[in-house]
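Written out below as structure tokens is the structure these notes cover.
Nothing in this text is a laboratory measurement; each read-out follows from the coordinates by a stated rule. This is a predicted model, so every value here is computed, not measured. Positions of Cβ are backbone-derived with ideal geometry, glycine not excepted, and every protein chain shown enters the neighbour counts.
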Amino acid sequence: MTGLKLGLGIVSVPAEHLVEVCRAAERLGFESVWSGEHVAVPVRPDWFEGAEEQKHLAGGRTRAKMPFTAHTPFLDPMVALAAVAATTTRIRLGVGIYMLALRHAVLAGRTIASLDRLSNGRLDLGVGLGWVSSEYAATGTDWASRGRRTDETIRCLRVLFEEHEPSFSGEFAEFEPIGFDPKPVQSPLPIHIGGDGPRAVRRAAELGNGWIGGAHLFGPVREALKANGREHEPFEFTALTGKAAPEQLDGFADAGADRVVVQPWPRDMEDPVDVLERYASTIGLQAHAGG
């Protein structure tokens, strides 16, 4: 596990415990905390099993039963991480994933740049399409164009973040030179691509600074990076998992992961800080002196 960065998934943490858990994660030696989103999960009991586009993943694999329902609480990740940023100093703040296609590029850029600025450059932005078509329907967003919209929005964000007076002309966003300040602290702001399949791999190789998701796609992403002449550029591989044991973390490291985001949360937890402290001890994390 030497050199492997450990992130903590915080989507399952109750809102009333979020800040204390993230402060504990920083004290215990986690490198980052990661929020994520679902914005409009259908109430239908068969919403997952009955949707053909959600059943099968790349390589013929099948999704496991979802660990959430239509009534599972989901905080907006940008709002949640802003609260964490105000009460921590070192730990990085990850969004995994953010559905850019649901948002206009300029409005998304303002939110993203604000969080990176307020956190003094601690944001890692994971980007994906999502896989629940009803979330697009509920927000009045076209499902069919979600891939093109995401690609264009990433390109637009780069312009907004890196040009003094940005302008852009695309299929979904168009604007004359505008003032767009403040810029993110980080340049370039790290954008990690998530997904499952060849389109996500292509997106990562062409537009991303990293990959976030299944380790089974590390190899294809590396091949795509090489095909795009980017094999020597800085690029991070982040794997997502549950309550991983030390030997499982070693396996991710052997597979080439730079970071593993763990989610050690039981279904019912009275004291999430206690849960986290016991898990950190199990995997051998060392608390920072002085908290």
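Arranged by the count of other C-beta atoms within 10 angstrom, fewest first, what order do LYS183, LYS5, LYS226 take?
Lowest count first: LYS226, LYS5, LYS183.
Counting other C-beta atoms within 10 Å, which of TRP211, TRP34, TRP265 has the fewest, and how do the rest follow?
TRP265, TRP34, TRP211
If I take every Cα pair under 8 Å that is 6 or more residues apart in segment 213-285, average their sequence separation and divide by the length, what percent do I get for the relative contact order?
Relative contact order of segment 213-285: 30 percent.
Could you identify which residue out of ARG44, ARG230, ARG110 has the top mean-square fluctuation in a GNM of the chain using Cα springs shorter than 10 Å?
Taking springs between Cα atoms under 10 Å, the residue moving most is ARG44.
Treat the count of other C-beta atoms within 10 Å as a stand-in for reagent exposure and order MET269, MET99 from fewest to most.
MET269, MET99
Rounded to two decimal places and with Rh computed the Kirkwood way over Cα pairs, what is Rg over Rh for segment 223-291?
We get a ratio of 1.12 for segment 223-291.
Under 8 Å for C-alpha pairs, at least 6 residues apart: give me the relative contact order for the chain, rounded to a whole percent.
In percent, rounded to a whole number, it is 22.
For the chain, list the DSSP H helices whose alpha carbon atoms reach 18 Å or more along the long axis and whose average Kyte-Doolittle value is 0.5 or above?
Both cut-offs are met by 105-118.
Among ILE178, ILE191, ILE112, which one shows the biggest mean-square fluctuation in a GNM of the chain, springs joining Cα atoms closer than 10 Å?
For the chain, modelled as a Gaussian network with Cα springs under 10 Å, the answer is ILE178.
Ratio of alpha-carbon Rg to the 2.2 N^0.38 Å globular estimate for the chain, to two decimals, please.
0.99
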